[in-house]
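Peer 1: This is the structure, below, for whatever I ask next.
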Amino acid sequence: MKNNAYIIAAKRSAVIPKGGAFKTLNIHELAAPVIKALLKEANVPTTSVNELILSNAVGGGGNPARPTALASGLPEHIGGLTIDRQCTGGLDAIWLAAQLVMSGSHNTIIAGGSESASCRPIRMAINHNTGEKIAYDRPIFTGLKDRDPDMIDSVAEIAASSGISKELQEAWAINSHKKASNTNFKSEIVNINNQNKDTFTRKLNKKICDRAPILKGNISSATTAVDSDAAAFCIVVSEKVAKNFPNAIKIVQGVSSAGVPDAPALATINSINKILEITKITIESLKVVEIMEAYSAQALIAKNEFKFHEQLINRGGGALARGHPIGASGAILAVRLFHELQKTDGNGLATIAAAGGLGSALILSTVSPR
């Protein structure tokens with residue numbers, strides 16, 4: 001019989017744009033305070049933790065989950081596992097943790113993501129035929145550029161073909177900032193370096209949007225999430241452990257999928273379709289929906305496809321009002337979903353897309369452990 005997995009606690013740091021208050025903090029320095037706060041709040045001893053799974057996308061490699069485990073005070077036998085699925089990685093880390101718990105091999109896992117856009121290394125590629133050196137600040141699919149267009153190019157093209165106007169995108173972004181401004185995140189944000197709120201959130205309005213530079217097509221900087229630094233983690237446990245936590249949220253199902261590589265903006269649709277098909281859960285039963293807002297257009301495409309009620313989506317605002325710490329963004333969605341489900345009964349969905357046509361989704365439920 002399949003074991004069930006639950007989230008018993010979920011926390012994150014503030015999201016700070018690149019070059020801001022977190023600019024000197026490395027991956028483990030962002031992650032460790034969040035993990036320590038998680039364990040303290042849940043009253044879970046470090047000796048009960050079986051594994052740490054950390055998503056990171058633009059760091060220098062070297063399994064940052066290991067120094068994070070040590071900096072967090074976890075036992076030395078916790079080696080830590082680092083995964084890289086770019087934007088989807090934070091959500092994938094949590095689903096991977098759930099599968100390990102469901103398998104019966106682990107009872108307690110810390111899973112999420114940590115990203116420092118400020119400290120990411122600059123990589124150097126060399127054309128050995130010409131000797132030309134090219135510097136770039138994030139991974140690329142070398143040799144597959146015809147199937148890996150820039151995300152902005154893909155989103156601009158799909159926004160145009162879908163009839164998603166600049167005005168609609170701006171209205172979405174303005175509303176995202178408004179919702180974030182009206183939400184109290186005290187229960188989920190861990191204070192690091194005296195930062196206890198998302199500093200990018202502001203009173204965005206049409207006048208500011210009109211001044212925002214156009215990046216491509218009808219996509220502007222006002223309707224695009226900014227590169228950021230942040231960390232977010234959940235404690236994923238077995239049903240046996242979850243019985244001691246009345247606010248535990250069940251992990252119903254997760255999916256990690258891939259579709260057309262040169263249309264990553266459509267990957268969210270693929271992942272939602274797949275998870276709904278597996279679970280037989282209906283759109284109507286979803287009480288909360290957390291959709292990644294790398295771009296307004298990307299969120300609007302999913303909203304329109306599934307006819308989500310806008311009041312259910314990103315109740316506390318989205319990445320447009322926070323920022324986009326790539327490897328941590330999916331985990332932030334899960335943290336937000338966990339805390340929103342504490343306020344209501346039913347099912348909730350978190351979903352995110354990534355370059356290369358990747359898409360991930362996670363469904364959580366307020367069903368209590370027996």
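Peer 1: Quick one: what are the phi-derived ³J(HN,Hα) couplings along segment 87-102, Karplus 6.51/-1.76/1.60 with θ = phi - 60°, whole Hz, x for glycine and proline?
Peer 2: These are the phi-based 3J(HN,Hα) values: 4, 7, x, x, 6, 5, 4, 5, 5, 5, 4, 4, 5, 5, 5, 4 Hz.
Peer 1: Oh, and also: So what's the back-of-envelope 222 nm ellipticity for the chain, counting only DSSP H runs of four-plus at -39500 (n - 2.57) apiece and dividing by all residues, rounded to 500?
Peer 2: Computed ellipticity for the chain at 222 nm equals -9500 deg cm²/dmol.
Peer 1: In whole Hz, with x marking every Gly and Pro, tabulate ³J(HN,Hα) for segment 202-209 from phi via Karplus 6.51 cos²θ - 1.76 cosθ + 1.60, θ = phi - 60°.
Peer 2: Residue by residue, segment 202-209 yields 8, 7, 6, 9, 4, 5, 5, 4 Hz.
Peer 1: Continuing with this model, one more query. If you plug each phi of segment 280-295 into the Karplus form 6.51 cos²θ - 1.76 cosθ + 1.60 with θ = phi - 60°, what whole-Hz ³J(HN,Hα) values come out, in order, with x for Gly and Pro?
Peer 2: 6, 7, 8, 4, 5, 7, 6, 9, 9, 9, 10, 10, 5, 9, 4, 9
Peer 1: Mind running the shape call on segment 142-284? Use the C-alpha gyration tensor, a ≥ b ≥ c as the square roots of the eigenvalues: rounded below 1.5 for a/c, prolate if a/b tops b/c, oblate otherwise.
Peer 2: oblate
Peer 1: Rounded to the nearest 0.05, what FRET efficiency do Ser162 and Lys287 have when you use their Cβ-Cβ distance and R0 = 30 Å?
Peer 2: Taking R0 as 30 Å, the efficiency between Ser162 and Lys287 is 0.65.
Peer 1: Also: Grab the other residues whose beta carbon is less than 10 angstrom from that of Pro17, score K and R as +1, D and E as -1, and report the net.
Peer 2: Here the charged neighbours net out to 0.
Peer 1: Here is a follow-up. Using Cα-Cα distances under 8 Å and only pairs 6 or more residues apart, what relative contact order does the chain have, in percent?
Peer 2: That works out to 28 percent.
Peer 1: At a Förster distance of 30 Å, what's the computed FRET efficiency of Ala171 paired with Ala21, Cβ-Cβ distance as r, to 0.05?
Peer 2: 0.50
Peer 1: So who's got an amide H within less than 5 Å of the one on Ser220, skipping anything under 5 residues away but keeping other chains? H placed 1.01 Å off N, in plane.
Peer 2: Counting only residues 5 or more places away or on other chains, the set is Leu215.
Peer 1: Under 5 Å between amide hydrogens, which residues at least 5 positions from Arg85 or on another chain qualify, with H placed 1.01 Å from N in the peptide plane?
Peer 2: Asn56
Peer 1: Quick query: amide H of Val15 versus all other amide H atoms, modeled in the peptide plane; which residues come in under 5 Å with a sequence gap of 5 or more or a different chain?
Peer 2: Amide H neighbours of Val15, under 5 Å, 5+ apart: Asp198, Thr199.
Peer 1: Kindly rank 178-191, 8-21 from highest to lowest mean number of other beta carbons found within 10 Å of each residue.
Peer 2: 8-21, 178-191
Peer 1: Now a separate question. Accessible area of Asp92, 1.4 Å probe, to the nearest 10 Å²?
Peer 2: 10 Å²
Peer 1: I need the semi-axes of the equivalent ellipsoid of segment 29-105: take the C-alpha gyration tensor, multiply each eigenvalue by 5, square-root it, list largest first in whole angstrom.
Peer 2: Ellipsoid semi-axes (Å, largest first): 19, 16, 12.
Peer 1: Using a 1.4 Å probe on the protein heavy atoms, what percent of the accessible area of the chain belongs to carbon and sulfur?
Peer 2: 51 percent
Peer 1: Further question: Is the shape of segment 201-290 best called rounded, prolate or oblate, per the rule: a/c under 1.5 gives rounded, else a/b larger than b/c gives prolate, else oblate, with a ≥ b ≥ c the square roots of the Cα gyration tensor eigenvalues?
Peer 2: prolate
The values are calculated or read from the model by the stated rules, or taken from the named source; none is laboratory data. Since the model is a prediction, treat every value here as computed from it, not as a measurement. All Cβ positions, even for glycine, are placed from backbone atoms using ideal geometry, and neighbour counts span all protein chains on display. To get the accessible areas, we keep the full protein, side chains included, count just its heavy atoms, and leave off ligands, DNA and RNA. Shrake-Rupley method; radii C 1.70, N 1.55, O 1.52, S 1.80 Å.
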